[in-house]
């Protein structure tokens, strides 16, 4: 199979881009002291990733609400931001809920500011992210925004396993595949035009595979899995390599504790290291979901999971980024 033109062209994967991977000293973690699981996982993450003590923020959010009001969020954000130094380029919130601020995701609202206009008509076009497809290695320094991610803690052991997968991703490059499925749910195929061409990236030991199918079954080398389905079957038959990214284009994947459609939590439970989903009806604008070509290029260039995922979404207000942010299987060693 031919080398992928998108990725093998001169300069597509190069040292300056690869240097962008976020470092532990640039990440702040936010722990909810009202949630014992948040406290336990936060301490585990701090130790495993050697997060500086100055980068640990403690807040109190009682009751584990799925959604908080813009006024509640404003106070929470002010509390977090007041404790961050200029060296902090990204933020990890360690809890499962809250994950929404009205119609915005909590990660979208934190990073770009709450967008109330999106809630008037959730299907309207979103506000462009200045971080989309950026080469910036320091988003706060360059763009005055901090990409954020949520590390879910419904299961303490599950969260610890997730952290361990992110760390394992940095040890060695393993043979893997990126799977892109165009499904029978036509409305959910709006980003199929951005699927990379099938082929190999020899320097990264990666093969891209584009399929016309509703389900991927039995694959044992999954680095990326992107599809369009309300519910994704056969996840229990797959093996995700450390650092794997996986998401499905549907309306409510980011409603983590909801039951209307498949929650993005299912990807993490199946073995992925990071995922994405929207918390309110976005319609099928491709710009509200991870762009497959941008995500692949940024990840293979050495970006961490939080950087690659955030850089791949053009209109992220409704989108929730979840997982282990520092996973970077292609970071230079």
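The numbers here are math on the coordinates, done by the rules we state, and not lab data. Values in this document were obtained by computation on a predicted structure and should not be read as measured data. Don't worry about glycine lacking a Cβ; one is built from the backbone with ideal geometry, like all the others, and counts go over all protein chains shown.
Odds and ends about this structure:
- Burial ordering of 286, 310, 95, 315, fewest other beta-carbon atoms within 10 Å first: 286, 315, 95, 310
- Stretching residue 54 away from residue 117 to a fully extended chain increases their span by 19.2 nm, per 0.36 nm per residue minus the current alpha-carbon distance.
- Descending by average beta-carbon neighbour count within 10 Å, the peptides 166-174, 270-278 line up as 270-278, 166-174, the highest first.
- Anisotropy class of region 119-244 from Cα gyration tensor, a/c 1.5 cut: rounded
- Overall form of region 52-133 per C-alpha gyration tensor (a/c, 1.5; a/b vs b/c): oblate
- Most mobile listed residue (282, 24, 52) in the chain, GNM with C-alpha springs under 10 Å: 52
- C-alpha center-to-center spacing [region 231-261, region 165-224] in angstrom: 14 Å
- Cα gyration tensor, region 237-333 - rounded (a/c under 1.5), prolate or oblate: oblate
- Extension reserve of the residue 157-residue 64 stretch, reckoned as 0.36 nm per residue once the Cα distance is removed: 31.6 nm
- Model label zone, residue 44; criterion: amide N under 19 Å from point 7 Å along Cα-to-beta-carbon; scope region 256-276: 265-275
- The chain: equivalent-ellipsoid semi-axes (sqrt of 5 x gyration tensor eigenvalues, Cα, Å): 28, 22, 19
- For the listed peptides 110-120, 241-251, 149-159, a ranking on the average number of other beta carbons within 10 Å per residue, highest first, reads 241-251, 149-159, 110-120.
- Helical content alone sets the calculated 222 nm signal of the chain at -6500 deg cm²/dmol, taking -39,500 (n - 2.57) per DSSP H segment of four or more residues and averaging over every residue.
- Relative contact order (%) - criterion: Cα under 8 Å, at least six apart; region: the chain: 22 percent
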